[in-house]
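Structure first, commentary second.
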Amino acid sequence: MLRNRKALFRRSALWLPILLLFFATFLYLYLVSPAGPGDLETEIYSTAMGSEEAAATFKFEFVPGFFKQSEADTNPDEFDNSKENFGIIERDFETDDAVTKDWPVWRRFHRYINHLNNQNRPLDIFYKVLYFGRHGEGYHNVAEAFYGTKAWDDYWSKLDGNGTMYWFDAHLTDVGKQQALAAHDFIEAQLNTTTHGMPAPESYYVSPLYRCLQTANLTWANLTLPDDKRFTPVIKELLREVLGEHTCDKRSTKASITAAFPDFIIEDGFSEEDLLWKADHRETHEEHDERTRELMTDIFSRNPNTFVSLTSHSGAIASHLRVFGHREFKLPTGGMIPVLVKATRIS
């Protein structure tokens, strides 16, 4: 009996330093490390999702019944976000109760989405609300309208400009800047917790093309946002417009982007030069949709946040809608559309 007790004591003595080391490491990561609790949460989420090397495969689909833009009887040409509460459908949710039933619909929707994500643990089904924004009018849009789409596609789009206008990695026109500021005012009203209560994005992604960087900055930078949801944009290469041939869709160098938008975060692996754009090949729908799936897989695998802003292009947004099985919904320059997306991990 005494021998057994001594053996047990020796085993305990061996385990005690290991346990103390584990506890000290946890305290450092959570309380001392510059990563902070938020990054630790993302790290835990990524671990649960699996390593980068063993990339997950997802089935993406939009969820109908929540936004008017998803409904067949909504006319995109006549729809006005500012008059339609960004399109959210006034309805009941299974999470409504005596306390919340009189809340604005956006607040009740937020509660319901949190419920959906919480009930689908372990991590195999995820719901995210994606706020897609199209850039404001750029000089390339003006040129296409002036020359006509056929002449633009056949000739003018392959040049950097016409001597009067310059549209390589096109910038916003004055009209485009005003459209982005109008989007800012619209979002400011939507975020008002008394009247609408739309949840602010928890993450912000932006195409690296100049017109999108300008639009995102003008739309989101000076909003009244909660401290934990400040505008911290991440530039994503795969969020770009249809690739190839059109010089307006060729991006600037990494150095010039950093110089113009020093507060924007550029994702890891972002090359100095544009390696995706080809002068002799215009990306097909199938190629673009594959790129979109890769982007969505990256976001759903790495980012635990539910409400996400993506500032991009008409072609990029159209590709996302195709991947989600959503109806076509064309946006004007400066336009926006929310989509509730369900992602099911299938491998």
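Taken together, the values in this text are just the output of simple stated rules run on the coordinates, not laboratory data. As the structure is a computational prediction, the values presented were derived from the model and not from experiment. So basically every Cβ, Gly included, is an ideal-geometry build from the backbone, and we count neighbours across all protein chains shown.
Applying 1/(1 + (r/R0)^6) with r as the Cβ-Cβ distance of residue 287 and residue 154 and R0 = 22 angstrom yields a FRET efficiency of 0.55. By the beta-carbon count within 10 Å of each Cβ, the least crowded to most crowded order of 97, 289, 80, fewest first, is 80, 97, 289. The ranking of 288, 320 from fewest to most other beta carbons within 10 Å of each one's beta carbon is 288, 320. From least to most packed, judged by other beta carbons within 10 angstrom and beginning with the fewest, 340, 225 follow the order 225, 340. The loop-placed GluC sites (Glu not before Pro) in the stretch 201-256, going by DSSP, include none that has at most 12 neighbouring Cβ atoms within 10 Å of its Cβ. Taking only alpha carbon atoms, the stretch 58-345 gives an Rg to Rh ratio of 0.96, where Rh is the Kirkwood radius. Taking 17 Å as the cut-off, the amide N atoms of the stretch 109-144 that come nearer than this to a point 7 Å along the Cα-to-beta-carbon line of residue 162 belong to 138-144. The simple spin-label model puts a point 7 Å past each Cα toward its Cβ; for residue 268 and residue 103 those points are separated by 3.6 nm.
Net charge near residue 331: determine it from the other residues with C-beta under 15 Å of the C-beta of residue 331, scoring Lys and Arg +1 and Asp and Glu -1. Here the count lands on -1. Approximating the spin labels as points 7 Å out from Cα along Cα→Cβ, the residue 185-to-residue 89 distance works out to 3.1 nm.
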